[in-house]
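Step one of this worksheet: look at the structure below.
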Amino acid sequence: MELENFISYLFRWIHFFAGVTWIGILYYFNFVQTEFFKETDAAAKSSAISKLVPRALWWFRYGALFTFLSGLALAGFLGGAINFYIMIGMLLGTIMFLNVWLVIWPAQQIVIASTDAVIAGGEADPAAAGALAKAGLASRTNTLFSLPMLFFMGASSHLTGAGRLPMSMDGGVSMLAQILCVVIILALAFNGLKGKQGPMASVVGVIHCGIGLGAALLLITQYL
């Protein structure tokens with residue numbers, strides 16, 4: 001067993017473990033908790049926000065952090081072997097990580113503090129409603145991005161095609177295709193900050209949008 005190989009695999013294992021934790025809780029928030037909150041009474045919702053959500057958010061944000069850091073470590077081991085499939089996955093994953101720490105977590109802190117104040121007999125924070133909407137849009141955007149992110153990370157090892165080749169100016173994915181993919185992803189990331197949920201408002205809708213985004217990016221890499 002070579003030490004470098006073992007260390008590389010160790011970071012990959014950490015990446016898997018942290019990633020499963022992060023994305024699993026992301027899907028719990030979007031597919032389970034959000035739908036439950038739509039149907040439950042105010043008291044049960046307040047109790048969950050005060051007691052359950054902070055615990056889930058701890059695992060959520062640190063799962064994201066260790067996924068991101070271990071991913072950077074793996075990229076260092078791969079070096080020049082990074083291909084466009086991995087690049088797409090890394091870009092999506094990085095935006096998702098930033099959404100967790102810079103948008104979702106700060107907004108949820110406002111919501112949790114406001115809920116705790118109400119439970120204690122105080123007044124709700126007027127900013128809580130806006131913060132909840134902001135966190136919800138970012139979370140839906142992360143769910144949207146997660147489907148193609150997982151697809152392209154897997155594709156880097158198991159799918160043939162132009163995106164499997166190392167990135168270069170004279171082969172593999174065309175420069176036009178690379179630019180178009182990045183522009184689409186960044187435009188959707190901006191919508192996740194300033195736009196609306198649109199068809200992503202429902203569970204079925206966000207899954208369909210994620211599949212559609214993955215299909216569009218794949219077609220661009222292969223045929224443009």
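The values are calculated or read from the model by the stated rules, or taken from the named source; none is laboratory data. Note that the coordinates shown come from a computational prediction; the quantities given were computed from them, not determined experimentally. We place every Cβ from the backbone using ideal geometry, glycine too, and count neighbours over all the protein chains shown.
Some observations on this one:
- Yes/no for Gly24 being out of contact with any Asp or Glu (no Cβ under 8 Å at 6 or more places or on another chain), small (Gly, Ala, Ser), under 25 Å from Thr115 (Cβ atoms) and part of a helix (DSSP H, G or I): yes
- Taking the criterion of being over 13 Å from Phe145 (Cα atoms), touching a helix residue (DSSP H, G or I) at 6+ places or on another chain (Cβ under 8 Å) and surrounded by fewer than 17 Cβ atoms within 10 Å (Cβ to Cβ), the only residue of region 206-223 that qualifies is Gln222.
- Residue satisfying all of: in region 68-87; touching a Ser or Thr at 6+ places or on another chain (Cβ under 8 Å) and assigned to a helix (DSSP H, G or I); surrounded by the most Cβ atoms within 10 Å (Cβ to Cβ) among these: Tyr85
- Put simply, of Leu180, Leu213 the only residue that is hydrophobic (A, V, I, L, M, F, W, C), within 16 Å of the chain's Cα centre (by Cα), within 22 Å of Thr94 (Cα to Cα) and assigned to a helix (DSSP H, G or I) is Leu213.
Okay, residues lined up against (1) aromatic (Phe, Trp, Tyr); (2) out of contact with any Phe, Trp or Tyr (no Cβ under 7 Å at 6 or more places or on another chain); (3) free of Cβ contacts under 8 Å to residues at least 12 places away in the same chain:
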site	(1), (2), (3)
Ile112	no, yes, no
Val118	no, yes, no
Gly121	no, yes, yes
Ala124	no, yes, yes
Ala127	no, yes, no
Ser146	no, yes, no
Phe151	yes, yes, no
Gly154	no, yes, yes
Arg164	no, no, no
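- Here Phe190 fits the description: over 22 Å from Ile82 (Cβ atoms), aromatic (Phe, Trp, Tyr) and either in a helix (DSSP H, G or I) or within 13 Å of the chain's Cα centre (by Cα) (or both).
- Thr21 meets all of the listed conditions (1) among the β-branched types (Val, Ile, Thr); (2) buried (at least 20 other Cβ atoms within 10 Å of the Cβ); (3) touching a Gly at 6+ places or on another chain (Cβ under 8 Å) but one, namely (2).
- You will find that of Phe60, Phe37, Phe31, the residue that is without any contact (Cβ under 8 Å) to a residue 12 or more places away in the chain, assigned to a helix (DSSP H, G or I) and under 25 Å from Val203 (Cα atoms) is Phe37 and no other.
- Looking across region 173-205, the residues that are among the small types (Gly, Ala, Ser) and either surrounded by fewer than 20 Cβ atoms within 10 Å (Cβ to Cβ) or within 27 Å of Glu35 (Cβ to Cβ) (or both) come down to Ser174, Ala187, Ala189, Gly192, Gly195, Gly198, Ala201, Ser202, Gly205.
- Restricting region 42-65 to residues that are in contact with a helix residue (DSSP H, G or I) (Cβ under 7 Å, 6 or more places away or on another chain) and over 22 Å from Val118 (Cβ atoms) leaves a set whose member that is surrounded by the most Cβ atoms within 10 Å (Cβ to Cβ) is Ala64.
- Options Ser146, Ser139, Ser156; residue that is modelled with pLDDT under 95 and either part of a helix (DSSP H, G or I) or under 15 Å from Asn83 (Cα atoms) (or both): Ser156
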